[in-house]
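Some notes on the structure that comes next.
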Amino acid sequence: MSVDFKDKIAIVGAGCTRFAENFGMSYGDMLAEACFQAFEEAGVGPEDIDGAWLSTAFVDGSAMKGRSGMDLAEPVALFDIPITRVSNFCASGGNAFREACLGLLSGVNDVVLAAGAEKQRDRPPQKSLVKMMVVAQHQFLQKGETAAGQFAVYATRHMEKYGTKLEHFCMVSHKNHTHGVKNPIAQYRQEIPMETIVNSPMVAYPINLLCSCPTTDGAAAAVLVRAEDAKNFNKDYVLVKAQELIVNSGWDLPFFDPRYDFSHFPSTRLAAQRAYQMAGIKDPVNEIDLAEVHDCFAPVELIVYEDLGFCKEGEGKHFIEEGRSTAEGDLPVNISGGLESCGHPVGASGIRMIYEITRHLQGKAEERQVKNAKIGLAHNIGGPCAITSLTILGAP
Amino acid sequence: MIGITAYGAYLPRYRLTAKMINEAWGRPGGRGEKAVGYFDEDSLTMGLSAAYRCLSGDGIEKAEALYFASTTSPFKEKLASTEMAMILNLSPEARTLDIGYSLRSGTSALLTAIETVKAGSLDSAMVVASDCGRLEVPGGFNEAAWGDGAAAVAVGRENVLLNLLDHYCYSDELTHFWRRADDHYVKSEDVRFPQVMGYARIMETAIGNILKKTGYKPTDFAKVVVDAPDPRSHQALMRKFGFDPKIQVQDPLLGVTGSLGAAHPLVMLVPALQGVKPGDKILLASYGDGSDVLAFEATDAFSAFQKGDDFNALLGRKEVISSYTKYLGFKKTFETEFQDYYSSISALFRERDRFSRLLGGKCKNCGYITTLALRVCPSCRKKDQFENIRLTRRGVVFTFTQEWYFPSPEPPTTLAVVDLERGGRIYCQMTDCSDPGIVKIGMPVEVTVRKYHEALDLPHYYWKCKPVYA
C-alpha cells in the first residue's frame, strides 16, 4: 500500500543560503542561516520543532560534519528531539523531505524540519571529483571513473541510439546559465555563449566542462506541518501533491547488469509514473508549470525530459531545440539556473529545489517568477542513476 | 616422449625507436626499436598474456605446475607464479615456483619443468618467462637495446611437439650485467671484455660441448635459436660454428623487440618454429651467468599443429609511443600525480573468483549471469544460487566514456561497458588505446589482465579491455 501524500502536508517556511564557494561559512554556519530563514517565515524557533531530518551525502570533505543528526542539533540549537541524518547520494535532500512528511503523516510529529547541507569547497574541486572514486571505494570496480563518467555512459548511449548530439547537451547548459543570471543565490550568474560551452575542455566524453556543475557549498531548509495546521503558521503555504523515492539498482550493479540499456533512467521513469498517479497528473507538459530537474551534467536533463514524459523517448533533443524548457517555453525547466548555475552541494540541492518551487508557487520568485505557477516538480537522480527522488508541489 | 606441447609469445603494443631516444638526448642517428610495456603492464601481466597465447581454457587450468622466470618480478618476497596460477584458475595443488636473477632463468625454468615431468612427479607444467622494466639508466648506452616481452611454453608427456633430445648446462662466473638487491637500473662495466671473454667464450664452450655430447654436427639443426647481448656478437658466434644465417639462424630480434631479458630465448623460439617439419632438430641456447643449451626434435604431431596467430602478426600490431617523455612516464622514471588508492587484503581474497579469475556467477534458478560478488540474484531474487562459470574474454562495447581528469600517464582513461560473447557484462578500463577516437559503441574488444594501482604497496591486477587490432 502506498501512502497518499496529496494535499496533506504543507511547507510553511523555506530557506536557502547563497550557493557558492562559501569560504567564510562553516557547515554549521550555513545550516544556521538556511534553517533560521525557514523558521522566520514559519513563525517558529528551534524550540518549536519536534522532529528533524538532516541531509548530507558526503562527509569526508567536511571534517565528517553531517555524519549524524547531531550535526544539525549543534549549529541550530535543536535539542531533545529525534534528528536523523539521511544520505542517499543526490537524492538525499528529497529523501530527508520525504521522511519529514512521513513523520507528520504518521502522527508522530507536528512541526518538522528538513534541512540539507554540503561543504565541498574546504578542499580543491579536483579532489572532490576524483578522490571519492579512488580513496574510498572498491579497489577495482568503476576504477578510473569520476562522477561525470557515471553519467557520461548514458549520454554516449543516448547519442548512439537517438542521434542526440553534443550540441544538444550544450543547449541545456546554455539555457540553464541564461536562467541563472536572475537567481541571487546561484554560484554562476552569467550568460555563457553556446560557442564557449561547445568548445570547453572535455571532462568525461561526451560531457565537457561547461556541461558540468561546479563544486559548491550550500544549505537549504524547509519547515513542514500538516495541511490543516498550515494557516496557523503561514498563510502563504504550499502543498505537497506527491513524493516518490525509488531505488532501482545499486552503486556497481547498473554497470554490470546486462539488462541495463543506459539510454534512460529506470528509477526516474518509475518515480514519475507513481508520482503523477498520486498527484492526479495525466498530461505533465500541460499540467506542470515549472520543473527543477537534476542537471548535474547537462545530458542528464535532456534524458530526464523523456523519462518525466515531457516528450517521447528519443525526442529530448527536439524539446531543447524548440526552446520548450526555457523561461518563455511551455514548461520552464531549471528556472533557477539548475545545478549548472547554482552548483550542487549534494545534500542541499534537493531542498534548494523545493525552496525554488515554493517561491514560484507563492508568487515570490521576483525577476525569475514563472507566471501563474500552480504546480511545480522537483527531481533528483543519483548514485549512478539508481536513485530518484520526485516531489510535486502545488499552490493551495 | 617428454617436451614442449604448446607455446606462445607476447609483445606489448608499444615501441620506442632508438632515434627517439637519441633525439631526446641530443644525439644523432639511431637504428631499430624496442618493445615497451604499457604503463599498466609488468612482468606478471605480460606473462599472463603469453600464457593465454600459449593455451586457453582447460589447457591452462589443467597445468600441474606454473614456473615463472623473470628478473623483474613485481615482488622480492611473494611468488608471482602463485598469483598467476590463481588468476589462471589452476588447481591449488599445482606446483608454483619463481626462477629469476639471470637472463638464463627462462631456459632454466623450461629445463626444470621438463625434468620434473621426466622424473614422473608431474604430467604437465606451464613455463612463463617474462621481463618488463629491465632498464638501464635513462640516456645510457643500452637504453635502446632492452625491451619488454614474454613467452609461455607448455610441457608434458602427451601430444609433444618438440621432444627434448639432450641438454648441456654451463655455469660461469663472469660479470657482464648485474643489479644489486636494491638497484633499479641494470649496471655494466666494460663493453669489449664481456663480449669477448663472456659471451663468445662461454657460448662457444656450451654449444661446442653439446655438439660433442650428442655427436650432432652444426648442419644437423634446422633452426638455431641463440640469445645474444648484441647483434655483432651473435653474428660472430654463428659464423664460428658455420650455421647458415639464411636457413638455420633465427634472427635475434634485437633491433625489433630489443633484448627481452629472461624471456628472450623463448620468444625467439616462437618465430623459429614457423615452418618446422617433423624430424627437424632445433638448438636453443640462453646466455647469462653461463648458458643452458637444449636440443629438441620436432615430432610427427607438429604437422597437425595449427597455430592460430603467427609471430609476424604479433610483431605487426604495434604503435610507436608518441614521445620519449611519455615513455619515461610509462616506466615511472619521474613522479606523477599520486593517488592514495583504497584497498583491503581481505576483500581481495574473498572476491578473487569474480575479480581476479574472471569467473562469472550463473544463477541456477534463472540463468542470469553476474560479474559482481553477489549472493542474491538481481533477476529472480533467490539467494545463494550463483555457481561459477568461465566467461569468454571477447566482447563488444555497449557504451563508454573517456575520463580526462582521472590521473593517468596517458589520458583520457577510457571506461567501457562490455558485453562478453557468451554472456556476462563487465565495466572496466580500456588499455592499449592511445587514440580515443577509435572507441565506438559496438567495437569488438578483448579482455586482458592489467595492473590498476598499488594500494597498500601491493600491485592490484584486474581486467581491462583492449581493442582487437587487425
(Q) Restricting to segment A:122-157, give me the number of residues that are among the small types (Gly, Ala, Ser), farther than 15 Å from residue B:405 by Cα and more than 7 Å from chain B (Cβ to nearest Cβ). (A) 1
Q: Would you mind finding the one in A:156, A:178, A:164 that is among the β-branched types (Val, Ile, Thr) and under 19 Å from residue B:427 (Cα atoms)?
A: A:156
Q) Do you know which residues across segment A:325-343 are out of contact with any Gly (no Cβ under 9 Å at 6 or more places or on another chain) and either of a type in the set (S, T, N, Q) or not in a loop (DSSP other than H, G, I, E, B) (or both)? A) A:325, A:326, A:333, A:339
Q) If residue A:352 passes every condition in (1) free of Cβ contacts under 8 Å to residues at least 12 places away in the same chain; (2) touching a Ser or Thr at 6+ places or on another chain (Cβ under 9 Å) but one, which one does it miss? A) (1)
**Q.** Residue under evaluation residue A:81, criteria (1) aliphatic (A, V, I, L, M); (2) farther than 10 Å from residue A:51 by Cα; (3) without any contact (Cβ under 8 Å) to a residue 40 or more places away in the chain, criterion not met
**A.** (2)
Q: Name the single residue, out of those in segment A:261-296 being basic (Lys, Arg) and in a helix (DSSP H, G or I), that is nearest to the other protein chains (Cβ to nearest Cβ).
A: A:269
Q) Filter segment A:197-210 for residues that are more than 13 Å from chain B (Cβ to nearest Cβ) and over 26 Å from residue A:23 (Cβ atoms); which is surrounded by the most Cβ atoms within 10 Å (Cβ to Cβ)? A) A:197
Q: Output the number of residues of segment B:429-442 satisfying the condition of being over 18 Å from the mean Cα position of the chain (by Cα), surrounded by 17 or more Cβ atoms within 10 Å (Cβ to Cβ) and more than 8 Å from chain A (Cβ to nearest Cβ).
A: 3
Q: Take residue B:196 and decide whether it is over 26 Å from residue B:133 (Cα atoms), aliphatic (A, V, I, L, M) and either surrounded by fewer than 14 Cβ atoms within 10 Å (Cβ to Cβ) or touching a Pro at 6+ places or on another chain (Cβ under 6 Å) (or both).
A: yes
Q | Number of the exception - residue B:52 against (1) within 30 Å of residue B:411 (Cα to Cα); (2) touching a Gly at 6+ places or on another chain (Cβ under 7 Å) | A | (2)
Q) Do the conditions hold for residue A:309, that is, is it out of contact with any Pro (no Cβ under 6 Å at 6 or more places or on another chain), surrounded by fewer than 24 Cβ atoms within 10 Å (Cβ to Cβ) and not in a helix (DSSP H, G or I)? A) no
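Quick check on residue B:397: is it crowded, with 18+ Cβ neighbours inside 10 Å and away from chain A (no Cβ under 12 Å)?
On the way: crowded, with 18+ Cβ neighbours inside 10 Å: yes; away from chain A (no Cβ under 12 Å): no.
No; evaluated as a whole, the condition is false for this residue.
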Q | Positions within segment B:356-367 being within 13 Å of chain A (Cβ to nearest Cβ) and assigned to a strand (DSSP E or B), in sequence order | A | B:360, B:361, B:362, B:363
Q: Search segment B:413-423 for residues being facing chain A (nearest Cβ under 7 Å) and over 14 Å from residue A:133 (Cβ atoms), and hand back the single one that is surrounded by the most Cβ atoms within 10 Å (Cβ to Cβ).
A: B:417
**Q.** Residue match in segment B:284-305 (condition: farther than 30 Å from residue B:163 by Cα, part of a loop (DSSP other than H, G, I, E, B) and away from chain A (no Cβ under 14 Å))
**A.** no
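May I ask you to say which residue of A:299, A:258 is within 14 Å of another protein chain (Cβ to nearest Cβ) and in a helix (DSSP H, G or I)?
A:299
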Q. Within the set of pairs 6+ apart or on separate chains, which have a first residue in segment A:45-69 that is free of Cβ contacts under 8 Å to residues at least 40 places away in the same chain, a second that is crowded, with 19+ Cβ neighbours inside 10 Å and basic (Lys, Arg), and C-beta atoms under 6 Å apart?
A. A:68/A:85; A:69/A:85
Q.
Given the criterion outside any helix (DSSP H, G or I), on the phi < 0 side of the Ramachandran plot, touching a strand residue (DSSP E or B) at 6+ places or on another chain (Cβ under 6 Å) and not small (Gly, Ala, Ser), identify the matching residue among A:357, A:381, A:351.
A. A:381
Q.
Condition first: modelled with pLDDT of 95 or more, away from chain A (no Cβ under 12 Å) and either in a strand (DSSP E or B) or within 25 Å of the chain's Cα centre (by Cα) (or both). Can you find one or more residues in segment B:347-355 that meet it?
A. yes
Q.
Just checking, does segment B:453-462 include any residue being surrounded by 16 or more Cβ atoms within 10 Å (Cβ to Cβ), facing chain A (nearest Cβ under 9 Å) and at pLDDT below 95?
A. yes
(Q) Would you confirm, using the coordinates I've provided, whether residue A:165 is more than 9 Å from chain B (Cβ to nearest Cβ), of a type in the set (D, E, K, R) and buried (at least 24 other Cβ atoms within 10 Å of the Cβ)? (A) no
Q. Looking at (1) more than 18 Å from the chain's Cα centre (by Cα); (2) of a type outside the set (Val, Ile, Thr); (3) under 30 Å from residue A:394 (Cβ atoms), which is the one condition that is false for residue A:222?
A. (1)
Q) assigned to a loop (DSSP other than H, G, I, E, B), of a type in the set (Ser, Thr, Tyr) and facing chain A (nearest Cβ under 8 Å), is that true of residue B:405? A) yes
Q.
Among the residues of segment A:56-105, what is the count of those that are hydroxyl-bearing (Ser, Thr, Tyr) and within 17 Å of residue A:13 (Cβ to Cβ)?
A. 0
Q: Give me a count of the residues in segment B:143-170 that are part of a loop (DSSP other than H, G, I, E, B) and either in contact with a Pro (Cβ under 9 Å, 6 or more places away or on another chain) or under 20 Å from residue B:109 (Cβ atoms) (or both).
A: 6
Q) Could you say whether any residue in segment B:270-287 is more than 30 Å from residue B:23 (Cα to Cα), under 18 Å from the mean Cα position of the chain (by Cα) and surrounded by fewer than 17 Cβ atoms within 10 Å (Cβ to Cβ)? A) no
Q. Of the residues A:108, A:86, A:112, which single one is away from every other protein chain (no Cβ under 13 Å), at pLDDT 95 or above and more than 24 Å from the chain's Cα centre (by Cα)?
A. A:108
Q: Can you confirm whether segment B:368-378 contains a residue that is assigned to a strand (DSSP E or B), within 11 Å of chain A (Cβ to nearest Cβ) and either among the acidic types (Asp, Glu) or within 25 Å of the chain's Cα centre (by Cα) (or both)?
A: no
Q: Taking the residues in segment A:227-255 that are surrounded by 23 or more Cβ atoms within 10 Å (Cβ to Cβ) and assigned to a helix (DSSP H, G or I) as candidates, determine which candidate is nearest to the other protein chains (Cβ to nearest Cβ).
A: A:255
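The values are calculated or read from the model by the stated rules, or taken from the named source; none is laboratory data. Remember, predicted model here, so these are calculated numbers, not experimental data. Here Cβ is always computed from backbone atoms with ideal geometry, including for glycine, and neighbour counts include all displayed protein chains.
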